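Q: Have a look at the structure that comes next, please.
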Amino acid sequence: TTISTGLLPFDLCKLEYPSPLFTEAPKQNSKTRIPETFVMDSISNSQGSSSLTKNIILATIGGCLLGVSTTTYLSLIGRVTGMAGSLRTTYAQLTGQGKSNPLHVIYIGGLLLGGSLMSQIYPSGFESGGYSPFHMLISGAIVGIGTSIGHGCTSGHGLCGLARFSMRSLVSVISFFGSAVAVSTTLAHTIAPYFWTPNPSLGQVSPSIALPVAAAFAGLGLIAYGSSKLKNLQMSASAVFSSMLFATGLTISGMVRPSQVTSFLVLNKHWDPSLAFVMGGGLAVNLLTWPLATKWTKPIVCTKWDLPGKTEVEPDLFLGGVIFGIGWAIGGICPGPGIIGIAGGHGISFLLWTLGCLAGDQLYLTFKPSINPKK
């Protein structure tokens with residue numbers, strides 16, 4: 001099935017995201033050793049300016065959709081969008097470790113449902129292979145710990161915090177982007193060339209429709225559960241719409257493909273800048289719309305604004321940001337794409353990553369008093 005928007009000079013469903021950083025490594029026997037520079041020296045030059053232009057266009061479109069999603073959530077419900085916080089809060093609620101906040105549960109359900117739909121509408125937005133279970137679990141756990149300590153990730157601090165001119169978010173963004181770029185670039189020059197190369201034989205289940213269906217039912221279940229607790233149809237519908245739009249933006253942008261993310265994080269002569277336009281597109285929308293929306297006396301659906309009030313820049317923002325960046329560099333996945341990717345063709349890898357992230361959240365919840373003591 002071919003779907004064309006009629007607006008772009010190329011077919012969204014046929015477009016692929018070739019990673020300029022990694023290509024499939026050749027088979028080797030016990031007597032063959034691939035040099036450490038294989039990653040950089042055996043790169044195909046097939047990705048021309050046309051392909052990069054397509055990636056940049058899609059990244060910009062996806063980023064703008066993320067901006068529209070976060071603006072919609074702010075305007076309707078009066079809250080910022082935060083993937084890491086929603087995932088951790090949902091987990092804490094379902095395990096009896098946190099206060100009831102049904103909106104987060106509904107939002108995560110919408111992400112799963114949106115990912116399931118996008119896996120059928122636009123499968124090219126998902127990764128073409130899987131990764132080792134250990135790789136995914138470790139990356140997820142580190143991201144879970146880092147985003148918990150640092151109170152946010154690329155959505156909460158990046159798209160929303162920077163749009164509010166939050167100094168706390170600026171410190172966090174510099175910390176996690178800096179550490180992610182440093183670690184990714186270092187690993188690309190020091191480890192085996194297969195580290196970030198998606199393996200078509202990993203992360204699959206049979207039949208292939210099983211994961212999208214399971215993700216859709218899980219999403220619907222979370223939406224139903226959260227809505228039964230919230231008892232406000234307008235707020236529930238607003239959260240579902242915003243989260244599904246967020247899932248659409250992430251998928252189109254290329255953020256659900258770890259190989260594409262890694263190509264952006266590794267700085268070398270083959271650097272792919274396209275994903276910078278994801279943040280740029282989202283911020284452009286938010287910087288235009290948020291000052292107007294926050295002038296209202298109240299959000300459209302809710303009776304009052306519920307925005308972050310802290311302004312003090314604390315050490316945990318820097319520490320958490322650095323830890324998050326390390327985990328992001330190792331796996332190329334952050335919380336939003338991790339949840340959405342479960343519905344893809346190699347969703348088991350993303351499911352393992354999400355379980356690792358929840359394990360990191362659990363460590364934080366267990367040791368929270370000693371990690372971040374109350375003053």
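The values are calculated or read from the model by the stated rules, or taken from the named source; none is laboratory data. Since the structure is predicted, the reported quantities are computational estimates derived from the model, not experimental observations. Because the Cβ atoms are built from the backbone with ideal geometry, glycine has one as well, and the counts that use them run over all protein chains shown. Areas reflect the complete protein model, heavy atoms only, side chains present, ligands, DNA and RNA absent. Shrake-Rupley method; radii C 1.70, N 1.55, O 1.52, S 1.80 Å.
Results for (1) open to solvent by less than 20 Å² (accessible area, probe 1.4 Å); (2) of a type in the set (Val, Ile, Thr), shown as yes or no for each residue.
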position	(1), (2)
Thr72	no, yes
Met83	yes, no
Ser86	yes, no
Leu94	no, no
Asn101	no, no
Ile106	yes, yes
Gly110	yes, no
Gly115	yes, no
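Q: Look through Thr289, Thr297 and report the one residue that is open to solvent by 10 Å² or more (accessible area, probe 1.4 Å), of a type in the set (Ser, Thr, Tyr), more than 20 Å from Asn101 (Cα to Cα) and not in a helix (DSSP H, G or I).
A: Just one listed residue meets the conditions, Thr297.
Q: Next question, about the same structure. Of these, Ile330, Ile326, Ile339, which one is among the hydrophobic types (A, V, I, L, M, F, W, C), part of a helix (DSSP H, G or I) and open to solvent by less than 10 Å² (accessible area, probe 1.4 Å)? Give the steps one after another, and end with the answer.
A: Numbers: Ile330 fails: open to solvent by less than 10 Å² (accessible area, probe 1.4 Å); Ile326 fails: open to solvent by less than 10 Å² (accessible area, probe 1.4 Å).
Step by step, each of Ile330, Ile326, Ile339 is checked, and only Ile339 is among the hydrophobic types (A, V, I, L, M, F, W, C), part of a helix (DSSP H, G or I) and open to solvent by less than 10 Å² (accessible area, probe 1.4 Å).
Q: Let me ask something else. Could you figure out which of (1) open to solvent by less than 10 Å² (accessible area, probe 1.4 Å); (2) without any contact (Cβ under 8 Å) to a residue 40 or more places away in the chain isn't true of Phe134?
A: The number of the failed condition is (1).
Q: On to the next question. In region 60-104, how many are under 16 Å from Asn286 (Cβ atoms) and of a type in the set (A, V, I, L, M, F, W, C)?
A: 10
Q: Is there any pair with a first residue in region 67-90 that is under 17 Å from Cys334 (Cβ atoms) and a second that is surrounded by fewer than 24 Cβ atoms within 10 Å (Cβ to Cβ) and among the basic types (Lys, Arg) whose Cβ atoms are under 8 Å apart and which are 6 or more apart or on different chains, and what are they?
A: Listed pairs, sorted by first residue: Val80/Arg164.
Q: In this structure, does Gly356 turn out to be closer than 27 Å to Thr72 by Cα, assigned to a helix (DSSP H, G or I) and not aromatic (Phe, Trp, Tyr)?
A: Criteria not met by Gly356.
Q: While we're on this one: Inside region 78-176, counting only helices (runs of 4 or more DSSP H) that do not spill past its ends, which hold 2 or more residues that are of a type in the set (A, V, I, L, M) and more than 24 Å from Leu365 (Cα to Cα)?
A: The helices (runs of 4 or more DSSP H) meeting that bar are 102-121.
Q: Collect the residues in region 223-258 that are within 23 Å of Ala92 (Cβ to Cβ) and surrounded by fewer than 19 Cβ atoms within 10 Å (Cβ to Cβ), keeping them in residue-number order.
A: Scanning region 223-258 gives Ala224, Tyr225, Ser228, Lys229, Leu230, Lys231, Asn232.
Q: Right, next: Pick from Gly114, Gly152, Gly125: which is under 16 Å from the mean Cα position of the chain (by Cα) and under 21 Å from Ser238 (Cα atoms)? Working first, answer last.
A: Values: Gly152 fails: under 21 Å from Ser238 (Cα atoms); Gly125 fails: under 21 Å from Ser238 (Cα atoms).
Unique residue meeting the criteria: Gly114.
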